[in-house]
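Below: the structure, in C-alpha cells.
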Amino acid sequence: MLPIVTIDGPSGSGKGTIAKTISSQLGWNYLDSGLIYRVFAFTHLKNIDFLHEFQNFTFVLNENLEQVIFKEENISSQLRGPKLTKLASILSKNLNVRKKLYKIQRSFLKKPGLVAEGRDMASVIFPESKIKIFLTAKLETRVERRANQLRNTGQKVNISELRNEIILRDKSDSERENSPLEISEDSVVIQNDSETVEDAAVKIINLINERY
C-alpha cells in the first residue's frame, strides 16, 4: 500500500501550510481537497463539464505556493474569492457532488506517497491511512491565519465578518449530514496554536518514519 498521511481540521487550523511543508520535504504528492471543491464550484459557475474537463486543470505546488492552471490560464485568485468560497461550501453538502468528487480525490494517490488535507480525509476518502492527523486551534488563532491568507492574495479583510464566517463554517462542517468534520478514533490530535509549522511537521514526519 502506498503511504498516505491525512490531515483534517477546521478552517484556519494550519492544515494546508503543514501539509504542503511535509509534501515538499518528502517529495510526496499533495491533495488540497477543499481546492477540488473550489474547482468544482468554478466549473459550476462557468457551465463547464467538470468530469470531462478535469484533465485540463493542472495543480502546481512550488515553494509551498499552490496554483491552479486551466487551459494555460492561472485561475488561482478566482478560486479564493468569497463568492466561490461560499458556493463551494454549499455544493459540498450535496451527497451526489461528494460522490462525484470521491474518485477525483482518490486519483491523487500516486507514488511515492500522498499528503491529503481536508475535512473528511481520514473518515471517508483515505480511511486506510496509517497516519491520521486532526489539527485544531483556538478561534482567534484561526481567524488571524485566515485573514493573513486572504491578505496575501490581495483581498481586503473585515475581521468581524471573517470571524462570523468561520463560526458558521464550523457549524456547517460539523453538522452536515454527509461526511461531517469529525475526529476519527485513530487520529492524532495536535493543538496548533503556538506550535511552529516546522515543529508540527517534524512530529508528523517522525510518525511517518515509525509507521511506514
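If only one of 184, 179 is closer than 22 Å to residue 1 by Cα, in a loop (DSSP other than H, G, I, E, B), touching a helix residue (DSSP H, G or I) at 6+ places or on another chain (Cβ under 6 Å) and not charged (D, E, K, R), which one is it?
Working: 179 fails: closer than 22 Å to residue 1 by Cα.
Just a single option satisfies the conditions, and that option is 184.
Show the residue pairs meeting these rules: Cβ distance below 6 Å; 6+ apart or different chains; first residue within the range 108-137 and more than 15 Å from residue 186 (Cα to Cα); second residue in a loop (DSSP other than H, G, I, E, B) and not hydrophobic (A, V, I, L, M, F, W, C).
Listed by first residue and then by second, the contacts come to 113/3; 136/9; 136/13; 137/13; 137/192; 137/193.
Out of everything in the range 50-62 that is under 17 Å from the mean Cα position of the chain (by Cα) and surrounded by fewer than 14 Cβ atoms within 10 Å (Cβ to Cβ), what residue ends up being modelled with the lowest pLDDT?
Here the residue is 62.
For residue 187, indicate whether it is surrounded by 18 or more Cβ atoms within 10 Å (Cβ to Cβ), farther than 19 Å from residue 12 by Cβ and of a type in the set (Ser, Thr, Tyr).
When the stated conditions are applied, residue 187 does not pass them.
Can you give me the number of residues within the range 1-20 that are modelled with pLDDT under 95 and either polar (S, T, N, Q) or assigned to a strand (DSSP E or B) (or both)?
3
If we only count strands (runs of 3 or more DSSP E) wholly inside the range 37-155, which ones have 3 or more residues that are among the charged types (D, E, K, R) and out of contact with any Ser or Thr (no Cβ under 7 Å at 6 or more places or on another chain)?
The strands (runs of 3 or more DSSP E) meeting that bar number zero.
The values are calculated or read from the model by the stated rules, or taken from the named source; none is laboratory data. Remember, predicted model here, so these are calculated numbers, not experimental data. No Cβ is skipped: glycine too gets one built from the backbone with ideal geometry, and neighbour counts run over all protein chains shown.
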